[in-house]
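*Asks:* My questions all concern the structure below.
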Amino acid sequence: MKRLFVICLIVCIGLIIINSCSDKEIKIGLLMANYNQERWLKDKDLFVKRANEKGAKVLVEVADNSADMQFDKAKELLDQGIDILVIVPVDLYDAARIIQLAHRYKIKVLSYDRLIRNCNLDFYISFDNVEVGRLQAEYMTKICPEGNYVVISGATTDNNSILLKIGQMNVLQPYIERGDIKIIYDQFVDNWHQEEGYNHMIKCLKEHGNKVNAVIAANDGLATGVTKALEENDMKGMVYLAGQDADLAACQRIVAGTQTMTVYKPIEAIATKAADIAISMARDETFENVQLTVNNGKRMVPAVLLPPMIVNKETIRLTVIADGYLKENKIYQ
Ligand code: GAL
């Protein structure tokens, strides 16, 4: 009888410990790169909302686009006893030292939207960025199959910039080889700043005059800078213009006819999925249904890549408005 009582006691204590572990409040460290573009505040808010709904606490930090500040902020979050680190890297290579640091604290890292190269990254979630570039170039070559193209690519510190370019060139290459399309200006920016879009477009127009038929800009922020340069040269609305991110300003330009298309990436989808994955990682749960891995130069990183979609005059209501991402009255004001 006494033996049975002792066994029951041990079992009860065991169950209490297990329950307290699984009930332990998960503390997530969310380390943003910056809030320079419209989307990132939405990413942050939607991620925190989902994590809180699932009973997790989120400590949010932002690195003002400085790789050194991002490293310091990561250390601060790790010292605050987070259970998992979610990061939008400022620099695709420099952020590898944050992974090494986190692993010294026995903490796993989920890379959000942008890949970190050459390190033992634990998980990566993003959109299919090669597909983003393919959608841009396919749309543009359908309506402008011949002529002079300008390609203004993203920041060199961002792995997405390379993926977009691969997607674009997969479509453009055959047109170039046939001599139908000529890329007269082709540059990556240092930072995803509107001004860089403006400066590159001004430089291109100085070198080539107004002999431009189409511009593919890596995001709508750069497209805003391009539009300003075209306007100053009385070419607004006379050049096909592609962007990414479905910023409000870009959607307003699309309905006004001064931008041709943008690529929408449903932020609610990536933010909620990332919060769910982060909580599972903090609980050391395994991901049965994650088939995909991405080579980051060091290992095959388990990954989730979400589908992007085209936004033009016809699809604007079915996409960004239907999703509640942007308000109709704001776009058509
Ligand atoms: C990229 C992101 C884009 C764009 C850009 C600038 O990594 O995928 O959506 O916003 O950063 O922040």
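*Asks:* Quick one: which residues, 5+ away or cross-chain, put their amide H under 5 Å from the amide H of D186? H built at 1.01 Å from N.
*Replies:* Those lying under 5 Å, H to H, from D186 are V151.
*Asks:* With a 10 Å radius around each residue's Cβ, average the other Cβ atoms per peptide and rank 159-165, 230-236, highest first.
*Replies:* 159-165, 230-236
*Asks:* Could you give the size of the charge dipole of the chain about its Cα centre, using +1 on the Cβ of each K and R and -1 on the Cβ of each D and E, expressed in debye and rounded to the nearest 20?
*Replies:* On the way: 39 positive and 43 negative charges, 177 e Å.
In total the dipole reaches around 840 debye.
*Asks:* What is the pair-distance distribution P(r) of the chain, computed from all Cα-Cα distances in 10 Å bins starting at 0, with each bin given as a whole percent?
*Replies:* Pair shares across the bins are 6, 24, 30, 21, 11, 4, 2, 1, 1, 0.
*Asks:* Under 25 Å from the Cα of K313, which lysines turn up, not counting those fewer than eight places away in the same chain?
*Replies:* List returned: K42, K142, K165, K228, K236, K265, K327, K330.
*Asks:* Amide H of I181: which non-local residues (sequence gap of 5 or more, or other chain) have their own amide H closer than 5 Å, using H built in the peptide plane?
*Replies:* The answer is G147, I176.
*Asks:* Tally Lys and Arg at +1 and Asp and Glu at -1 over the other residues with C-beta under 14 Å from the C-beta of T260: what net charge comes out?
*Replies:* After counting each charged neighbour, the total is +1.
*Asks:* At a 1.4 Å probe radius, carbon and sulfur cover how many percent of the accessible area of the chain?
*Replies:* On the way: 8300 of 15330 Å².
Summing carbon and sulfur atoms, their accessible area is 54 percent of the total for the chain.
*Asks:* Multiply the residue gap between E207 and V60 by 0.36 nm, knock off their C-alpha separation, and tell me the result in nm, one decimal place. Intermediate values should be presented prior to the final figure.
*Replies:* Working: separation 147, 0.36 × 147 = 52.92 nm, distance 4.46 nm.
Extra length from E207 to V60 when fully extended: 48.5 nm.
*Asks:* Another one. For L9, what is the net charge nearby, where nearby means another residue's Cβ is under 15 Å from its Cβ and Lys, Arg count +1, Asp, Glu -1? Could you put the intermediate results ahead of the total?
*Replies:* Numbers: positive: K2, R3; negative: none.
Result for the local shell: +2.
*Asks:* Given axes a ≥ b ≥ c from the Cα gyration tensor, I'd like to know whether region 1-119 is rounded (a/c under 1.5), prolate (a/b larger than b/c) or oblate. Intermediate values should be presented prior to the final figure.
*Replies:* Values: a/c = 3.74, a/b = 2.24, b/c = 1.67.
Verdict is prolate for region 1-119.
*Asks:* Now, a different point. What is the packing order of peptides 213-223, 86-96, 268-278, taking the mean over residues of other C-beta atoms within 10 Å and listing the highest first?
*Replies:* On the way: 213-223: 27.5, 86-96: 23.4, 268-278: 20.9.
Per-residue mean Cβ counts within 10 Å order the peptides as 213-223, 86-96, 268-278.
*Asks:* Additional query: What is the extension gain from L305 to K24, computed as 0.36 nm multiplied by their sequence separation minus the C-alpha to C-alpha distance, in nm to one decimal?
*Replies:* Values: separation 281, 0.36 × 281 = 101.16 nm, distance 2.96 nm.
Taking 0.36 nm per residue and subtracting the Cα distance, the gain is 98.2 nm.
*Asks:* Moving on. Skipping prolines and chain starts, which residues have an amide H placed within reach, meaning under 5 Å, of the one on V301, given they are 5 or more residues away or on another chain?
*Replies:* Excluding prolines and chain starts, which carry no amide H, the hits are V294, N295, N296.
*Asks:* Okay, moving on. Against the longest principal axis of the chain, how steep is helix 159-178, in degrees 0 to 90 to the nearest 10, with axes from Cα atoms?
*Replies:* Here the helix axis deviates by roughly 40 degrees.
*Asks:* For region 1-105, with every protein chain kept in place, what is the accessible area per residue (1.4 Å probe, Å²)?
*Replies:* Numbers: 5690 Å² over 105 residues.
Result: 54 Å² per residue.
*Asks:* Helix 38-53 versus the longest principal axis of the chain: what angle, 0 to 90°, nearest 10, using Cα atoms?
*Replies:* 20
*Asks:* Please list 3J(HN,Hα) in residue order for region 248-264, calculated via the Karplus relation 6.51 cos²θ - 1.76 cosθ + 1.60 where θ = phi - 60°; whole Hz, with x for glycine and proline.
*Replies:* So the J values, rounded to whole Hz, are 4, 4, 5, 5, 5, 5, 5, 6, 7, x, 9, 9, 8, 7, 9, 10, 8.
*Asks:* How much length, in nm to one decimal, is gained on full extension between N170 and R104, taken as 0.36 nm per residue of separation minus their Cα-Cα distance? Mind dumping the intermediate values first?
*Replies:* Details: separation 66, 0.36 × 66 = 23.76 nm, distance 4.05 nm.
19.7 nm is the gain from fully extending N170 to R104.
*Asks:* Given axes a ≥ b ≥ c from the Cα gyration tensor, I'd like to know whether region 131-235 is rounded (a/c under 1.5), prolate (a/b larger than b/c) or oblate. Write out the running numbers ahead of the final one.
*Replies:* Working: a/c = 1.84, a/b = 1.10, b/c = 1.68.
It is oblate, given that a/c is not under 1.5 and a/b is not larger than b/c.
*Asks:* Leaving ligands, DNA and RNA out of it, work out the accessible area of V62 with a 1.4 Å probe and give it in Å² to the nearest 10.
*Replies:* Here the residue's solvent-accessible area equals roughly 30 Å².
*Asks:* Over all pairs of distinct alpha carbons, what does the Kirkwood formula give as the hydrodynamic radius of region 203-333, in Å? Don't skip to the end; give the middle numbers.
*Replies:* Values: mean 1/r = 0.0585 Å⁻¹.
One over the average 1/r among Cα pairs gives 17.1 Å for region 203-333.
*Asks:* Find out how many positive minus negative residues lie around D190, taking Lys and Arg as positive, Asp and Glu as negative, among other residues whose Cβ is under 15 Å from that of D190. Could the numbers behind the result be given before it?
*Replies:* Details: positive: K203; negative: D91, D94, D158, E195, E196.
Summing Lys and Arg as +1 and Asp and Glu as -1 gives -4.
*Asks:* Could you give the accessible area per residue of region 148-296, probe 1.4 Å, as a whole number in Å²? Please report the intermediate quantities before stating the final value.
*Replies:* On the way: 6050 Å² over 149 residues.
I get 41 Å² per residue for region 148-296.
*Asks:* Indicate the gyration tensor shape class of region 36-90 (rounded, prolate or oblate), computed on the Cα atoms with a ≥ b ≥ c the square roots of the eigenvalues: a/c under 1.5 is rounded; otherwise a/b larger than b/c is prolate and the rest oblate.
*Replies:* Working: a/c = 3.01, a/b = 1.14, b/c = 2.65.
The shape class here is oblate.
*Asks:* If R₀ is 41 angstrom, what is the calculated FRET efficiency for the pair I143 and K49, using the beta carbon separation as r and rounding to 0.05?
*Replies:* On the way: r = 38 Å, r/R0 = 0.94.
For I143 and K49, the calculated efficiency is 0.60.
*Asks:* Step through the residues of region 75-80 one at a time and calculate ³J(HN,Hα) from phi using the Karplus curve (6.51 cos²θ - 1.76 cosθ + 1.60, θ = phi - 60°), rounding each to whole Hz and writing x for Gly and Pro.
*Replies:* So the J values, rounded to whole Hz, are 4, 4, 5, 5, 5, 8.
The values are calculated or read from the model by the stated rules, or taken from the named source; none is laboratory data. These numbers were taken from a predicted model, which means no experiment stands behind them. Reconstructed Cβ throughout: ideal geometry from the backbone, glycine too, with neighbour counts over all protein chains shown. Side chains are part of the model used for accessible areas, which takes the heavy atoms of the whole protein and leaves out ligands, DNA and RNA. Shrake-Rupley method; radii C 1.70, N 1.55, O 1.52, S 1.80 Å.
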